[in-house]
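Before any comments, here is the structure.
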Amino acid sequence: MLAPSMEMNDERGEEDAGLSDSPGFSTGDPSEARARTRDLLGCSHSMTVLERETPFRADVQFQSVCGLGLLTSTYGAAVEIDCAPPIDKVTVNFVREGRMHIEDGGRETLADPGHAAVFCFHDDLAMKWSPGMRQLMLAIDRPRVDRYLRNLLAEPLHRPLLFHNRVDLSNGGQGIASAVATLQRALAMCGKAGPPPVLAAELEHGILTSLLLGQRHNYTDTIFSAQALPSPRVVRRVIELIDDAPGTAFTIADLASFAGVSERSLHAAFRRQLGTSPMSYVRRRRLEQAHEELLSLDRSNGAKVTDVALRYGFTHTSRFAAAYRERFGELPSDTLRR
C-alpha cells in the first residue's frame with residue numbers, strides 16, 4: 001500500500017530532514033519494491049508498472065514513532081497500485097511532484113501538490129501515479145484514530161469512520177500539513193533516540209486533532225454539535241491532576257478520560273472558566289517546569305536549552321524562547337547562564 005507526496009518546498013530541505021536517516025531502500029525491481037514496502041507498512045498491495053519509456057526505480061524511506069509512520073517514495077515510471085481491505089491504517093497522502101488519480105469505492109479523486117488525499121481503506125482502492133511522481137504518506141494505526149474519535153464524541157463509534165478523500169492544502173488542509181511538518185522536524189531534532197514521551201504525546205495529539213477536526217468526515221457534524229458543559233468541579237479536578245504532575249505526558253484524551261467527559265466538553269469548560277484550553281494550561285505548566293530545570297542545571301556540564309525544550313514537548317526552539325521570555329522576562333539561555 002503506497003500513496004502520494006507532500007514536500008511543501010520545491011527543494012528538499014527541512015520537510016525531508018526527519019527522514020534522512022530512516023530505514024529505506026532503492027531498487028529497480030518492482031517485485032522487490034512491493035515486497036519491501038509491504039514489510040515497512042505491515043499491509044499488502046499490488047503494483048503494476050504502466051509504461052516502459054521511463055525506467056522503474058523505487059527510492060523509499062520510512063520512519064515511525066508512536067503508531068505514526070512517514071513514508072517517502074518515488075518510482076520514476078508511471079505505476080498503478082491496488083489495495084484491498086482489510087487494511088488497519090488511515091493514511092494522508094501528499095503529492096510533492098506529479099499527479100495521482102484515485103478510485104476509492106467508486107469515488108474518483110485527484111491528488112496533486114495542492115491537494116492531498118485521505119484513505120480509510122474500507123473499499124477497494126486503486127491509485128495511478130504519473131511518471132516521476134514524488135510522495136509523502138502519513139500512515140496512522142486505525143485503532144489510534146478510532147480511540148481519539150471516541151474521546152471527542154464520548155460515545156462508541158456506531159459506523160466506520162469515513163473521510164472526504166480530498167484535502168485542499170490551501171483551504172482548510174493547512175492544519176494536517178503543518179502537523180506533519182512538525183513531526184518531521186521533531187524526528188530530525190531527536191535523532192535515533194526518538195522523541196521523549198511528552199513530545200511524542202504532543203506530536204500524536206497534533207496529528208490526530210488536526211485530522212479529525214480539520215478534515216470533514218461522517219462524524220464531523222456530531223463532533224461540533226452543541227453539548228452540555230460539565231460542572232466547575234470537573235475542571236478543578238483536571239487542574240489538580242495537571243498541577244500534581246506537570247512533567248507527565250498528558251494528552252487531551254487522557255484528561256477527558258480522567259474527567260469522564262468528552263474532549264470537546266472539557267475544552268469548552270476550560271474556555272468558559274479559565275479562558276484557555278486544557279492543553280494550553282498543560283503547556284504553561286510544562287513551561288514552568290522547564291524554567292525550574294534550567295535554574296538547576298550547570299551549563300559547564302554541557303546542559304543545553306534545546307534538550308530541556310524537547311523534554312517538555314517544545315519542538316520549535318524559537319517559539320519556546322519567545323513563550324519563555326513572555327512568561328519569565330528573560331530568554332531560557334539567560335536563565336541557564338546564571
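A few notes on this one:
- The chain - mean residue ellipticity at 222 nm from DSSP helices (-39,500 (n - 2.57) per run, n ≥ 4, rounded to 500): -13000 deg cm²/dmol
- Extension gain (nm, one decimal) between residue 240 and residue 299, 0.36 nm per residue minus Cα-Cα: 18.0 nm
- Using alpha-carbon coordinates, inclination of helix 174-190 to the longest axis of the chain, degrees: 80
- Put simply, the amide H of residue 89, placed in the peptide plane, has neighbours under 5 Å in 142, leaving out anything fewer than 5 places away on its chain.
- For the chain, the gyration tensor built on C-alpha atoms gives an oblate shape. Its axis ratio a/c (a ≥ b ≥ c) is at least 1.5, and a/b is not larger than b/c.
- Taking every alpha-carbon pair under 8 Å whose residues sit at least 6 apart, the stretch 91-198 reaches a relative contact order of 27 percent.
- Angle between the chain longest axis and helix 142-153 axis [Cα atoms, degrees, rounded to 10]: 50
- Cβ-Cβ FRET estimate between residue 49 and residue 126, R0 fixed at 22 Å, reported to 0.05: 0.90
- Two-site FRET efficiency, residue 222 against residue 170, from Cβ-Cβ distance with R₀ of 35 Å, rounded to 0.05: 0.80
- Inter-label distance for residue 325 and residue 101, nm, one decimal - labels placed 7 Å from Cα along Cα-to-Cβ: 5.3
- Calculated from backbone phi, Karplus (6.51, -1.76, 1.60) coupling profile of the stretch 38-48 in Hz, x at Gly/Pro: 4, 5, 5, 8, x, 8, 9, 6, 10, 9, 10
- Take every pair of alpha-carbon atoms less than 8 Å apart whose residues are at least six positions apart; their mean separation over the length of the chain yields a relative contact order of 15 percent.
- Tilt relative to the chain, helix 278-296 - C-alpha long axis, 0 to 90 degrees, to 10: 70
- Modelled label reach - residue 155, point 7 Å along Cα→Cβ, the stretch 230-267 residues with backbone N closer than 20 Å: 230-231, 253, 256-267
- Each residue of the stretch 319-330 is assigned a 3J(HN,Hα), and the resulting list reads 5, 4, 4, 5, 5, 5, 5, 5, 7, 10, x, 7 Hz, derived from the Karplus form 6.51 cos²θ - 1.76 cosθ + 1.60 (θ = phi - 60°), x at Gly and Pro.
Each reported figure results from applying straightforward, stated rules to the coordinates on display, with no laboratory input. Small disclaimer: the values here were computed from a predicted structure and weren't measured. Note that we place each Cβ from the backbone using ideal geometry, even for glycine, and neighbour counts take in every protein chain shown.
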